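Here is the structure we will look at.
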Amino acid sequence: MSPSAHHSAHYSAKGRADGLAFLLAAAIATISSFFSLASISAEPAKPLEVLYITGGCCHDYEAQKGIITKGLASRARINTTVIHEGGESLEHKVLIYSKPNWSKGYDVVFHNECFANVKDPEFLKLIISEHEKGTPAVLMHCAMHCYRTGTDDWFRFCGVTSPGHGAHYPYTATSIAEHPVLKGLPKEWELPQEELYFIDKVWPDATPLVEAMSREKKAPQAVVWTNQYGKARVFGTTIGHYPQTVSLPAYLDLMTRGTLWAAGKLQDDGQPVPELQLAAGEATSPK
């Protein structure tokens, strides 16, 4: 073989070897990428993060927080962080509300507090400004009687204005609208001994979904509704004075669907979006 032919054969063999090495490296990279993506897709979606704020006068908030957080976690992939402050005071200012961007990291804030004598307008602004910017909210029972600053700011956020309530008695809650949060709820829902709130005003961006007849007012009062406050969805109910009511499966179903709806994670059939549906035997744990 001539020197030039030998030289040409050498480079031809080297080229083939380099090409094979490149193809092998590319194949390894492709397989590695595939398994990496498979691993990522196999990871479960993150649960819905709920900040549950409770405390104050006149209710068994200790019992309620356990019932509600476990009820949410057993119905959807909902992870709840609980802040329980203020004892039985009506004047307590929940500490987290004074922190900048206090709702950051949470998908929904669940208000189940009773601090009617906190009347500082500037403190109230710290609360509702987070929701106005877009943090969804769930409001339960005595939350409608909080933060009476002499303005309508809190009530606009709630979606209703409630000045008080009547005697405690069983009542029938009647659905008056079609909505995903009401899926599975009887049209005529018999509630045990409860506390029916008076509703003086339903605000323009609120939509009543369920109502009940007040013995004192001799007129129906909204007991479940939705509201739009700024960029935030708000779900509200005045039902929920007694732990016996709160522990009803239908009530926990309603509060779960309301929480999911507020976050934009409830389907039209009343089921959580697929990534928040529980697998068999799965439940999230409150913090």
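The values are calculated or read from the model by the stated rules, or taken from the named source; none is laboratory data. Not measured: the values here are computed from a predicted model. Quick reminder, even Gly has a Cβ in these numbers, built from the backbone with ideal geometry, and neighbours come from all protein chains shown.
With respect to being in a strand (DSSP E or B), surrounded by fewer than 21 Cβ atoms within 10 Å (Cβ to Cβ), at pLDDT 95 or above and of a type in the set (Asp, Glu), residue 178 falls outside the description.
Restricting to the range 188-201, and then to whatever is in contact (Cβ under 8 Å) with a residue 40 or more places away in the chain and crowded, with 16+ Cβ neighbours inside 10 Å, can you tell me which residue is farthest from residue 242 (Cα to Cα)? My answer is 189. Are there any pairs, at least 6 apart or on different chains, whose C-beta atoms fall under 8 Å, with the first in the range 203-229 and not assigned by TED's automatic domain parsing to the domain that holds residue 139 and the second buried (at least 20 other Cβ atoms within 10 Å of the Cβ), and if so, which? Pairs that qualify, where the first residue is not assigned by TED's automatic domain parsing to the domain that holds residue 139 and the partner is buried (at least 20 other Cβ atoms within 10 Å of the Cβ): there are none. The residue of the range 42-85 that is surrounded by the most Cβ atoms within 10 Å (Cβ to Cβ), among those that are aliphatic (A, V, I, L, M) and touching a Phe, Trp or Tyr at 6+ places or on another chain (Cβ under 6 Å), is 50. In the range 161-178, the residues that are among the hydrophobic types (A, V, I, L, M, F, W, C) reach residues that are in a strand (DSSP E or B) with C-beta atoms within less than 6 angstrom, at least six apart or across chains, in these pairs: 173/189; 173/191; 173/210; 173/212; 173/223; 176/211; 177/209.
Kindly establish whether residue 122 is acidic (Asp, Glu), surrounded by fewer than 24 Cβ atoms within 10 Å (Cβ to Cβ) and not in a loop (DSSP other than H, G, I, E, B). Against the criterion (acidic (Asp, Glu), surrounded by fewer than 24 Cβ atoms within 10 Å (Cβ to Cβ) and not in a loop (DSSP other than H, G, I, E, B)), residue 122 qualifies. A count restricted to the range 98-115 and to residues that are in contact (Cβ under 8 Å) with a residue 12 or more places away in the chain and either crowded, with 18+ Cβ neighbours inside 10 Å or of a type in the set (D, E, K, R) (or both) stands at 12. Put simply, of 246, 273 the only residue that is within 22 Å of residue 84 (Cα to Cα) and out of contact with any Pro (no Cβ under 6 Å at 6 or more places or on another chain) is 246.
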